[in-house]
1. Can you say whether L254 is open to solvent by less than 50 Å² (accessible area, probe 1.4 Å) and assigned to a helix (DSSP H, G or I), as far as the supplied structure shows?
2. Give the residues of the range 22-39 that are open to solvent by less than 70 Å² (accessible area, probe 1.4 Å) and assigned to a loop (DSSP other than H, G, I, E, B), sorted by residue number.
3. Going through A285, A338, A271 one at a time, which residue ends up being of a type outside the set (K, R) and not in a strand (DSSP E or B)?
4. Could you please find all residues in the range 277-294 being open to solvent by less than 70 Å² (accessible area, probe 1.4 Å) and either touching a residue at least 60 places away in the same chain (Cβ under 8 Å) or among the hydrophobic types (A, V, I, L, M, F, W, C) (or both)?
5. Please count how many residues of the range 321-335 are open to solvent by 30 Å² or more (accessible area, probe 1.4 Å) and either among the small types (G, A, S) or in a helix (DSSP H, G or I) (or both).
6. Can you tell me which residue within the range 217-233, out of those that are of a type in the set (D, E) and outside any helix (DSSP H, G or I), is farthest from D179 (Cα to Cα)?
7. Go through the residues of the range 262-276 one by one and say whether even a single one is open to solvent by 30 Å² or more (accessible area, probe 1.4 Å) and touching a Gly at 6+ places or on another chain (Cβ under 9 Å).
8. Pull up the range 295-320, narrow it to residues that are in a helix (DSSP H, G or I) and among the small types (G, A, S), then point me to the one that is least open to solvent (accessible area, probe 1.4 Å).
Amino acid sequence: MLEGNRSMKISEAVKYVGVDDHDIDLFEGQFTVPLGMAYNSYVILDDKVAVMDSVDGRFGGQWIANIQKELGGREPDYLVVHHMEMDHSASIQKFADAFPKAVIVASRMAFTMMKCYFGNDFASRQLVVGEGSSLELGTHTLSFIAAPNVHWPEVLMSYETNEGILFSADAFGKFGANDVKDPEGWTCEARRYYFGIVGKFGPQVQAVLKKAAPLDIQKICPLHGPVLDESIEEYVGLYDIWSNYGVESKGVMLAYTSVYGNTKKAVEKLAEILKAQGCPKVVTADLAREDVYENVENAFRYGKLILASTTYNGSVFPAMREFIEHLTERNYQNRKIAFVENGSWAPMAAKAMRALFDKGLTEGCKNLTFAEGKVSIKIAMTEKNISEMEALAKEMLAD
């Protein structure tokens, strides 16, 4: 795995010219990124020079300087635009001004978006490409792959046929700047990125994976995160699992909300019971206090989900409602779900949680199985509740 910096050499002909962002607090206004963020851009040096994608507008000057340093006085012939989200497109105008002879290569829809962004679609400098188009640079040739809704509709990927490099747009990206070593490696923050941003579009990802299957991919150059230059089958395999809504790891996620601590105590007891009954992995999450997208990631990682919530305003606690809505809007499916509820006089949370999933079933969720048993607590856990937990754990682990 190649970690990005301005001196990183991907190959003799392909160089990294992206930037790292350590000033950002929330990516896309909602995702916490304690390790910062990378906006990747690359250049291919051949008879013709192609710059692959732009960067966030705050770093446009640094990006132009990176390009000029790598080119050593040469002028780029092309700017290839795979994706028009602003963290990758905001510096296109700076590029056009700095290199007035360069042609801009993009999908037709991307040029429409440029007109909206800049009031300019660079009509005299356009090269419109799509599925099956190619761009010859010399010994290097880019073959374009349409990737609509991965995760925007205008997205292209390109495969460089000489070196076997897939320029994958946002696919295979992860949170974190490239000049900071992620102690957890690629998978954790790539998973959180995938399910937070791309997760709803599993069928579209599957379609692109099928197109890419015949390619001899030696490296993947995404728009975020490190260049992947080894274990390619492992990364593609994870994307296949994620986009198929498959189970990556055996285990149970136990997500809860608790007002005065009684529901939390019940969850801790249930976690003990699950482990005692042989559950290979139990992950607990306090939905009101922990990162929501970390929790979304884990809900998709494991095959079993138990939700425990206090009754609130005759329904479900707000943090639990938000969590379930995050799951259903991402087409949560192929999972077994159980409920634990708490209420001072009339526990209603289980019914409310099930209703949220029932709504999701009509809007894209599939193959959800609900446990027959449930645990219904009135304020504090009782011996009867513990017996219900033991029965529920047995049911959840039965298959």
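The values are calculated or read from the model by the stated rules, or taken from the named source; none is laboratory data. Every value quoted in this text rests on a predicted model; they were computed, and no experiment measured them. Backbone-built Cβ (ideal geometry, glycine too); neighbour counts: all protein chains shown. Just the protein is used for accessible areas: all its heavy atoms, side chains included, with ligands, DNA and RNA removed. Shrake-Rupley method; radii C 1.70, N 1.55, O 1.52, S 1.80 Å.
1. Details: open to solvent by less than 50 Å² (accessible area, probe 1.4 Å): yes; assigned to a helix (DSSP H, G or I): no.
Considered against the rule, which asks whether it is open to solvent by less than 50 Å² (accessible area, probe 1.4 Å) and assigned to a helix (DSSP H, G or I), L254 comes out as no.
2. Within the range 22-39, I24, G29, V33, L35, G36 qualify.
3. Answer to the check: A271.
4. Within the range 277-294, G278, C279, V282, V283, A285, L287, A288, D291, V292, Y293, E294 meet the criteria.
5. Result for the range 321-335: 3.
6. Applying the filter and picking the extreme gives E230.
7. no
8. Within the range 295-320, the subset in a helix (DSSP H, G or I) is 295-301, 318-320.
Add one more test, that the residue is among the small types (G, A, S), and what stays is 299, 319.
On the way: A299: 2, A319: 18 Å².
For the range 295-320, the residue satisfying everything is A299.
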